Amino acid sequence: MLVKIKCPKCESEGSMSLVDDYYQGPYKCWKCRELFTITIDKNELKSCEPLSQEELERQQEIDALRNQFRRQ
Ligand SMILES: [Zn+2]
């Protein structure tokens, strides 16, 4: 399923392929390289919040930790 996402900053339309009809996570604009946390529900964009690079890295660290715990 391909969902279209319009960047709030530069208005460029990007797309994202989803496995489910729900997604919450980071999105990076292909054009202006701005980061957002987006929520997609039933293949519709519900929210789009600005996300800083540090915040993204922190989230990825948390995910990495979670995966480590899962393996033990
Ligand atoms: Zn953009």
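Where a number appears in this text, it was derived from the coordinates with a stated rule and is not lab data. Everything numeric here is computed off the predicted structure, so don't read it as measured data. Neighbour counts are summed over all protein chains in view; Cβ atoms, including those assigned to glycine, are modelled from backbone coordinates with ideal geometry.
Whether a residue is within 16 Å of the ligand (Cβ to nearest atom), surrounded by fewer than 14 Cβ atoms within 10 Å (Cβ to Cβ) and outside any helix (DSSP H, G or I) was assessed, and C48 does not pass this test.
Considering each residue of the range 21-45, count those that are in a loop (DSSP other than H, G, I, E, B), touching a residue at least 24 places away in the same chain (Cβ under 8 Å) and within 12 Å of the ligand (Cβ to nearest atom), and give that number. Step through it out loud before you land on a result.
Within the range 21-45, the subset in a loop (DSSP other than H, G, I, E, B) is 21, 29-34, 42-43.
Now drop any that are not touching a residue at least 24 places away in the same chain (Cβ under 8 Å), which leaves 31-32, 34, 43.
Add one more test, that the residue is within 12 Å of the ligand (Cβ to nearest atom), and what stays is 31-32, 34.
Here the count works out to 3.
Might you let me know whether the range 9-20 holds any residue that is assigned to a loop (DSSP other than H, G, I, E, B), within 16 Å of the ligand (Cβ to nearest atom), on the phi < 0 side of the Ramachandran plot and not hydroxyl-bearing (S, T, Y)?
First, the residues of the range 9-20 that are assigned to a loop (DSSP other than H, G, I, E, B): 9-12, 18-20.
Filter once more, so that each one left must be within 16 Å of the ligand (Cβ to nearest atom): 9-12.
Of the ones still in play, those that are also on the phi < 0 side of the Ramachandran plot are 9-10, 12.
Then drop every residue that is not not hydroxyl-bearing (S, T, Y), which leaves 9-10.
Yes: the range 9-20 contains one or more residues that are assigned to a loop (DSSP other than H, G, I, E, B), within 16 Å of the ligand (Cβ to nearest atom), on the phi < 0 side of the Ramachandran plot and not hydroxyl-bearing (S, T, Y).
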